[in-house]
Structure formats: structure tokens, C-alpha cells
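What follows is a short report on a single structure.
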Amino acid sequence: KSLVLHDPAAGRWRLLDTIRAFAADQLHTSGKRDEIQERHLRWTAATATRLETARGGGWRGEFDAVASDLRAALAAATDRPGALPHQLARSLAHLTFARRFLLESADHYRTAAELAPTAAEAADDLRNAAHVTFVSTTSGPDTFRLLLASAERAGATGDGNTHAVALCRAVETAGRYQPVSL
């Protein structure tokens, strides 16, 4: 009973940190680590997507309960190509933005851009990161660089409209922050 704790209100189980570390070591030596990580990634991506599309405010409590799992799964998946890590990063960015964890949200959008399966999706993620940095800080250099990167990715896909909009937003940002060295 003292090794595993149950939270009946949340319907969740958790391990003590020492037990969790021991279990992680055992998983690593069993040779099933990759399989379990893949299952965890699928669960976290599905959970994040479900929370992202939930109606009403009830999702906040559930997000708070699983946020560390979502973050851990993304950290473990950043070196893996594929749609699931990108989906998880993007959903986590949306969720953390909605929870007002703005700096974290911008980081997740950057990660989503790195994991994006297409240049168009990377351009969207970079543009979203720029919007978050614009809202979360009073400095323009990071926003400016993200918008330029978004424009570059959009240009690579041949999407002239997205390319032009990102460049216009970059010029607008540069105009607002002239005293700052961009």
C-alpha cells in the first residue's frame, strides 16, 4: 500500500519517486522500453488531443493531473520522427497557452515546428510561437526571428500567402521595436 498511491477523486494511481526510478531501471533492462514508450506516447497524444477539444472548463483539472505525463512523453519523443510527437507537442502548446503558461507554450510550439512532418505545419507552429512570444513578453527580437523562420518555411512550401503574411508581421514587429536590435 505504501508503494503505490491512489487518488480516488481523480481516478489515478501514482508511484513514489524512488519506486518510479526503480521501475524505470527494470523497464530499461527488460528490453521493452521502446514498446512501452510508444504506448505511452499514443496515450498522451490521444489524451492531449481530447483535452484540447473538450468543451467547458472541466478539462483544466484533468490537464493539471496529467500535465507531467504529457511533458515527460514529449521529452522522450523529441528525437523520434512521426505525426504523434508533433501532435503531442502542438496539443501541449495549445493546452499550456490556455492555462496561461505562456513561455512553456512558446517552447512547445518550437518543438512542434522541429517535429513537424511538413514545412507548412512547421510554418504554422513557428507563427503560433511568435504570437505567444508577442503576447507573453514586451521584447520583439524573439517574435521577429520566429516570424522570419515561419516565412522561410512557408516559402519553401510555395505558400505565397502565408509567406507574405509572416513577412508582413515580421516587418510590423520590427517597426514596433525599433529601439531593440533585431
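The values are calculated or read from the model by the stated rules, or taken from the named source; none is laboratory data. Given the structure is predicted, the values throughout are model-derived calculations rather than measurements. Don't worry about glycine lacking a Cβ; one is built from the backbone with ideal geometry, like all the others, and counts go over all protein chains shown. Quick note on the areas: whole protein, heavy atoms, side chains included, nothing else; ligands and nucleic acids left out. Shrake-Rupley method; radii C 1.70, N 1.55, O 1.52, S 1.80 Å.
Of note:
- So LEU126, is it assigned to a helix (DSSP H, G or I), farther than 18 Å from PHE97 by Cβ and of a type outside the set (Asp, Glu): no
- When each of ALA93, ALA112, ALA75, ALA45 is tested for being touching a residue at least 12 places away in the same chain (Cβ under 8 Å), among the small types (Gly, Ala, Ser) and farther than 24 Å from ALA166 by Cβ, the lone residue that passes is ALA45.
- Number of positions in the stretch 106-164 that are crowded, with 23+ Cβ neighbours inside 10 Å, among the small types (Gly, Ala, Ser) and closer than 19 Å to LEU92 by Cα: 7
- Count of the stretch 1-30 residues, restricted to those that are open to solvent by less than 100 Å² (accessible area, probe 1.4 Å) and part of a helix (DSSP H, G or I), is 8.
- Scanning the stretch 77-102 for residues that are surrounded by fewer than 18 Cβ atoms within 10 Å (Cβ to Cβ) and of a type in the set (Lys, Arg) returns ARG80, ARG99, ARG100.
- Selection from the stretch 1-59 of residues that are hydroxyl-bearing (Ser, Thr, Tyr) and at pLDDT below 90: SER2, THR18
- Close Cβ contacts (under 8 Å, 6 or more residues apart or on different chains) running from residues in the stretch 51-63 that are at negative phi and touching a residue at least 12 places away in the same chain (Cβ under 8 Å) to residues that are open to solvent by 60 Å² or more (accessible area, probe 1.4 Å) and assigned to a loop (DSSP other than H, G, I, E, B) comprise ARG60/ARG99; PHE63/ARG99.
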